[in-house]
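Okay, so here's the structure we're looking at.
The values are calculated or read from the model by the stated rules, or taken from the named source; none is laboratory data. Because the structure is a prediction, the values reported are computed rather than measured. Cβ atoms come from the backbone with ideal geometry, glycine included; neighbour counts cover every protein chain shown.
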Amino acid sequence: MRPAMRFGICTDQNLPFPTLVERWQLFERLGFDSAWDCDHFNQPSRPTGPYYEGWTLLAALAARTSRIRVGVLVSSNTFRHPALLAHEAMTVDHVSNGRLELGMGAGWFVPEHEQFGLPFPPPGELVGRFHEAVRIVDALLRHGRADFEGQYYRLRDAHVRPGVIQKPRPPLTLGAHKPRMLRICAEYADGWNSFGTVAEMRERNRILDEQCAAVGRDPRTIWRSFYGWAAKMKEQGLPDPWTSAGAFEEMVGRYAEAGVNEFVIDAPGPEGFPVLERVAADLLPKLRGGA
């Protein structure tokens, strides 16, 4: 019986590694379902500061935790070939002993592409590449091998060995906001992740339901995941969820009414840890419920 809701924490990888280890071990002790880092070359809000690479950091943090599920929210398809991502995912699935949540997105932050000389395709190609990449990753992790002849990617007798621990493959969390991307979610995702206002999440949730109907999939089989930029809650008419347990519960209630059943929220600074601990102890068991 799966929980009615799941709760994760997202950390920017701009802190010293020992501090990140302490934070992720704290999130695990408190009973959060998942911990995530990000996929950027530099932190978008502070591009001149320190920033670790997401997948290598994830492997290191996976090795220093034991129960909490781990992932990158979300891997940018413009940064690496999907076969490389499949190998990274297989490796972290083994390092974590089967705790990987595999996040994938099409790519979005143009300045870092320009800074590092990476092509940023127009929207149609961006989505097309993503669709092919998801198909490749899905095939390689499910079957351990793939042949693929697409418009953007070609594989011939490609292998990923050893196979993944989780069967048939680690769960896919796909980032998506618009109908074409949500159609890919309906076809392949175990979880869909997005961010925005309550109204935006409600509308995207409705579109995802329609896309599931179009491909003959039960929409209840996809987690509806909201990434909460805590600092932007005011812009969305909500308080910072780490100001109080009541503020956290209000945020969950508003987005749950829009169809969200998984929350991945930016981690607070140390000043917010008392609220973090109270939320974990008092609120999460009640909110998870049972379904």
Residues within segment 220-259 that are part of a helix (DSSP H, G or I), of a type in the set (S, T, Y) and out of contact with any strand residue (DSSP E or B) (no Cβ under 8 Å at 6 or more places or on another chain), tallied | 1
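Does any residue of segment 198-219 turn out to be in contact with a Lys or Arg (Cβ under 7 Å, 6 or more places away or on another chain) and either of a type in the set (S, T, Y) or assigned to a loop (DSSP other than H, G, I, E, B) (or both)?
Of segment 198-219, the ones in contact with a Lys or Arg (Cβ under 7 Å, 6 or more places away or on another chain) are 198, 205, 211.
In the following step, the residues that additionally are either of a type in the set (S, T, Y) or assigned to a loop (DSSP other than H, G, I, E, B) (or both) were identified as none.
Checked segment 198-219: no residue is in contact with a Lys or Arg (Cβ under 7 Å, 6 or more places away or on another chain) and either of a type in the set (S, T, Y) or assigned to a loop (DSSP other than H, G, I, E, B) (or both).
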Those helices (runs of 4 or more DSSP H) lying entirely in segment 16-123 with at least 1 residues touching a residue at least 60 places away in the same chain (Cβ under 8 Å) | 17-30, 82-95, 110-116
Considering residues of segment 273-291 that are modelled with pLDDT of 95 or more and small (G, A, S) only, the residue farthest from I222 (Cα to Cα) = A281
Being surrounded by 15 or more Cβ atoms within 10 Å (Cβ to Cβ), out of contact with any His (no Cβ under 9 Å at 6 or more places or on another chain), over 30 Å from L15 (Cβ atoms) and not hydroxyl-bearing (S, T, Y), is that true of even one residue in segment 235-247?
-> no
Which one of these does T221 not meet: (1) exposed (fewer than 14 other Cβ atoms within 10 Å of the Cβ); (2) over 20 Å from the mean Cα position of the chain (by Cα)?
-> (2)
Filtered residues of segment 12-51 (kept if at pLDDT below 95, buried (at least 16 other Cβ atoms within 10 Å of the Cβ) and under 30 Å from E257 (Cβ atoms)) = D12
